[in-house]
Each structure stands twice: as C-alpha cells, then as structure tokens.
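Novice: Supplied in structure tokens, the structure appears directly below.
Bear in mind that the values in this text are calculations on the coordinates, not laboratory data. These figures come from a predicted structure and were not determined experimentally. FYI the Cβ positions are ideal-geometry reconstructions off the backbone, even for glycines, and counts take in every protein chain you see.
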Amino acid sequence: MKEGKKSVLSGVPPSLPAIVKATRIQEKAKQVGFEWDKKEDVWKKVEEEMGELQEAVTGGKQAEIEDEFGDVLFSLANYARFLHIDAEGSLEKTNKKFIRRFQEMETIALASGKQLSAMTLDEMDAIWNQVKLQMKNS
C-alpha cells in the first residue's frame, strides 16, 4: 500500500456507478489476495446470497431485503469479473435490448388497435415472446 493510503480501497472513486464501483472494489481486494480461486466458488457465493435474499423476503423486513439484494448484485458483479464480462456494459446492453423489444411490443399492440395498459399480462407476454423470436431471427 502506498504511503498515506489508509486502505487498499481508497483509490475507488465514490462517484462511480454502483456496478462499476463493485468491480473496482473487488479488483482492489484481489491485489492483496482477497480473492476466490475458481469461478465455481464465486457462483456458490451468488447462490448463497440469493438464498439469503429469499430468506429476507420471507421475513418481510424491507431493510434486510434491500441489504441482501445488494449482496446479490455485488456477488454477481464479482462473477461477471471472473467470466471476463463487463457487468456495467452487459447491463446496458440488456437495457437497450429491453427498450427495443418493449417499443416493438407497443407497435404491435397499437397495430391491432390496443393499448398495452388495456391488455392482460398474458396478452402482453404473448406479444413479448413473438417480438423476442422476431428479433432473434433478424
């Protein structure tokens, strides 16, 4: 650790987006050997955190649910790092994909004379699946 630094984590800017910050924190911790050996071990941690989230949901305490949800996201960011995936970039791709699909779903609904807000979830889901198939094949 450099002179004057109190923590190996000191160099992580607090202004970063949360997923990026999680990845940087984990990279810094790795520098001192605080790191899993294998991606399978990281996945076990993801599963453990998801189990703890489900327990919190069952318990119904909102603060605990939020805390455990954060732990799931943090562990997924770590798993992404082990898979050599940019978690932030991956999430942004999914955001864009969802927007494209949702907008196409709106277009299809309007073409059939319907508003999404007047449709059942089953009706919307049928259109969603149609859009997914169309966009996969195009």
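Novice: Using 0.36 nm per residue of separation minus the Cα-Cα distance, give me the extension gain between Gln62 and Lys39 in nm, one decimal.
Specialist: Taking Gln62 through Lys39 to full extension adds about 5.2 nm, to one decimal.
Novice: For Ile25, Ile127, Ile85, what's the fewest-to-most ordering of other Cβ within 10 Å of each Cβ?
Specialist: Ile85, Ile25, Ile127
Novice: Now for a different question. In degrees, nearest 10, range 0 to 90: what is the angle between the Cα axis of helix 39-59 and the longest Cα principal axis of the chain?
Specialist: The helix 39-59 is inclined about 70 degrees to the chain.
Novice: Taking the Cα atoms only, what angle lies between the long axis of helix 62-82 and the longest principal axis of the chain, rounded to 10 degrees?
Specialist: 80
Novice: Now for a separate question. What are the radius of gyration and Dmax of the stretch 88-138, computed over its Cα atoms and given in Å?
Specialist: Cα-based Rg and Dmax for the stretch 88-138 come out at 11.8, 37 Å.
Novice: Reachable lysines from Lys136, Cα under 20 Å, same-chain residues fewer than 8 places away excluded?
Specialist: Lys93, Lys96, Lys97
Novice: Arrange the following residues from fewest to most other Cβ atoms within 10 Å of their Cβ: Lys45, Lys96.
Specialist: Ascending number of Cβ neighbours within 10 Å: Lys96, Lys45.
Novice: Quick one: among Lys38, Lys114, Lys97, which has the greatest mean-square fluctuation in a GNM of the chain with alpha-carbon springs under 10 angstrom?
Specialist: Between Lys38, Lys114, Lys97, it is Lys114 that shows the largest mean-square fluctuation.
Novice: Follow-up question, since we're still on this one. Pull up the cross-link candidates among the lysines for Lys28, meaning alpha carbon to alpha carbon under 25 Å and not fewer than 8 places away within one chain.
Specialist: Result set, ordered by chain and number: Lys2, Lys5, Lys6, Lys38, Lys39, Lys44, Lys45.
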